1. I'd like the full set of residues that are polar (S, T, N, Q) and surrounded by 15 or more Cβ atoms within 10 Å (Cβ to Cβ), limited to the range 392-412.
2. Could you please let me know if D122 is more than 24 Å from L378 (Cβ to Cβ), in contact (Cβ under 8 Å) with a residue 60 or more places away in the chain and more than 27 Å from the chain's Cα centre (by Cα)?
3. Is at least one residue of the range 101-114 touching a residue at least 40 places away in the same chain (Cβ under 8 Å), of a type in the set (G, A, S) and surrounded by 13 or more Cβ atoms within 10 Å (Cβ to Cβ)?
4. Given the options A251, A280, name the one that is under 28 Å from V163 (Cα atoms) and free of Cβ contacts under 8 Å to residues at least 24 places away in the same chain.
5. Kindly state which strands (runs of 3 or more DSSP E) lie completely within the range 444-548 and contain at least 2 residues that are modelled with pLDDT of 90 or more.
6. Are there any pairs with C-beta distances below 6 angstrom linking a residue in the range 336-363 that is more than 22 Å from A84 (Cα to Cα) and touching a residue at least 40 places away in the same chain (Cβ under 8 Å) to a residue that is outside any loop (DSSP other than H, G, I, E, B) and among the polar types (S, T, N, Q), with the two at least 6 apart or on different chains, and if so which?
7. Just checking, does the range 263-282 include any residue being basic (K, R) and within 22 Å of R179 (Cα to Cα)?
8. Just the residues that are in a helix (DSSP H, G or I) and small (G, A, S), please, taken from the range 112-133.
Amino acid sequence: MLGFNKKTQDASPQENTGGENKVLHFIRTHKKRCIAAVVAVAVLAVVVIPRRSRSASADMAYVQEALGRRDIVNVYDGSGTINAADSYTVKSLVTGTVLTADFELGDTIQKGDVLYVIDSSDVEGDLESAQLSVSQAQRSYDDAADARNVRTKISGEVSSFAVAAGDAVQAGQTVATVRDTSVMLLAVDFPAAEAQSFAVGQAAQVMPDTTFEVLNGTIRSVSGADPSGDASLMTCTVTIAVPNTGSLTTAQAAVAQVNGVSSLNSAHFAYQREETVVAAASGTVSELCVREGSTVRQDDVLLRITGKDLDKQAQNAADNLRSAELRMSSAERNISHYTIDAPISGTIVDKKVKAGDKLSANDAAMQNLCTIYDMSYLELKLNVDELKIRSLKVGQEVEITADAVPGETYKGTISSILVAGTTANGSTSYPVTVRIDEMGDLLPGMNASAKITTASVKDVLALPNAALVRGSYVLVTKDSPSAANAEASMTAPDGYVYVKVTTGISDDDYIEVKSGLQEGDTIAYDTSTVSATDFYSNMMVSAEGGDE
């Protein structure tokens, strides 16, 4: 700490007359240059002047003090406003009549609880219309995507393919044949007089003309009889279903018998069902999905067709579906705004809107329906100067007092220190958040003071801050034990010597001496001197005062 005599700062009236305004204006407009000049002059004064003038200042009044031991505690003091752990002002994005608002001031609510329900009848039709559009677009897309697939409409055996992979086909062209060979049908004639007593489902016996075996079957239908005619002269066609074990084909013929009555003729077997499969669209056969002779079920894919038209059709359908889905999503999102849930858990501290109120466009009430405070803990926000921020750490304990709660002291903990500082008037401060879990009578909005112990030592050698010269030298009497370590390069007043010291932490008044001095030393300092820092500060305050 550099020593300057206060007298050197007092300019005579003759020196300032007529020139003060110009000097202050120069300092304000060349602030950085002035800072450098002041520091340079201060250093020169400390280095040169002590050699010449200290010896000539023997008549200065020095305060002598025996070096002693004491406790030193370095404390950061700050102030700020108490805030809730979190707060949220609930707003509305839609207009309409408030149907429900089932909560009151002071109520404790949980995140997700329904706060408000607003009449949504005007927009419900939009959502229903959007949902229908999605359903229609989905069906169109499914059809377009499935147009590549050629499917069978019946279950059975793939009798044959009329195309191969790589073949070009046209819409309506036959591509395959599928037959249901599990049951064979035999349609033969019977005398109408006897056939009129036959019933569907009645047992029948069938005799193929090649094997002469008897196969069991059932009547599927009876047709051709005319009840008003002469039954003795008429016949009826009776269709009999015969399970096929694999031996029956359409090349075989057979006769039948029902209740001992024989058919009047024989007939060839027919397949129960047969489908000629055609392509629904033009394109190129990309693959055959089954082999000839394979058994398939209804709606199985037999083959696939590709083509530019099919691809375009499918892409257009996909785009239309996506567009419909987006419109439905927008409608769903819009209608969801008519039910307002609590965004956080906490306490209702303000309620502006109640059931029955109407929210209209540009209504201020829409911007503040209610306010929620999360009171699970409180926070104190501090702005800490750049020179002190490095002494604070997350997790440090904080002592908190508030004028609104006299006589009470609360404990807090530093929960965050942000590196994004704010610069103003050449100084930067950093946001520090203190968390308060034991809140007592503290409430959001109260002003509070914080004390943070940044460093402390007990029972150490300490000297007054004013006794430190040039940051590391102390004036001691020549009869002090540590005078033997006098700094020969520095000229001291008569009866004193300068001793170099190593210092530790300090508070507002004293600084720890780690080495260089010992108990029994008598230190001295001039109470009329002012530090270079004080001198610079006074200069800048004077200069800035001239702006007003």
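The values are calculated or read from the model by the stated rules, or taken from the named source; none is laboratory data. Keep in mind the model is a prediction, meaning the values are calculated, not measured. For neighbour counting, all protein chains shown are included, and Cβ atoms are generated from backbone atoms with ideal geometry for every residue, glycine included.
1. First, the residues of the range 392-412 that are polar (S, T, N, Q): 396, 401, 409.
Within the range 392-412, Q396, T401 meet the criteria.
2. Numbers: more than 24 Å from L378 (Cβ to Cβ): yes; in contact (Cβ under 8 Å) with a residue 60 or more places away in the chain: no; more than 27 Å from the chain's Cα centre (by Cα): yes.
Answer is no for this residue.
3. Within the range 101-114 (the criterion being touching a residue at least 40 places away in the same chain (Cβ under 8 Å), of a type in the set (G, A, S) and surrounded by 13 or more Cβ atoms within 10 Å (Cβ to Cβ)), the answer is yes, since at least one residue qualifies.
4. Values: A280 fails: free of Cβ contacts under 8 Å to residues at least 24 places away in the same chain.
Answer to the selection: A251.
5. On the way: elements: 447-464, 473-477, 496-500, 502-506, 510-515, 522-526, 529-531.
Once the strands (runs of 3 or more DSSP E) in the range 444-548 are filtered for at least 2 residues that are modelled with pLDDT of 90 or more, what remains is 447-464, 473-477, 496-500, 502-506, 510-515, 522-526.
6. Listed pairs, sorted by first residue: A355/T100; K358/T97.
7. Our first condition is that a residue be basic (K, R); within the range 263-282, this holds for 273.
In the following step, the residues that additionally are within 22 Å of R179 (Cα to Cα) were identified as 273.
Within the range 263-282, one or more residues are basic (K, R) and within 22 Å of R179 (Cα to Cα).
8. Looking only at the range 112-133, we keep the residues that are in a helix (DSSP H, G or I), and these are 121-133.
Residues satisfying the conditions are S121, G125, S129, A130, S133.
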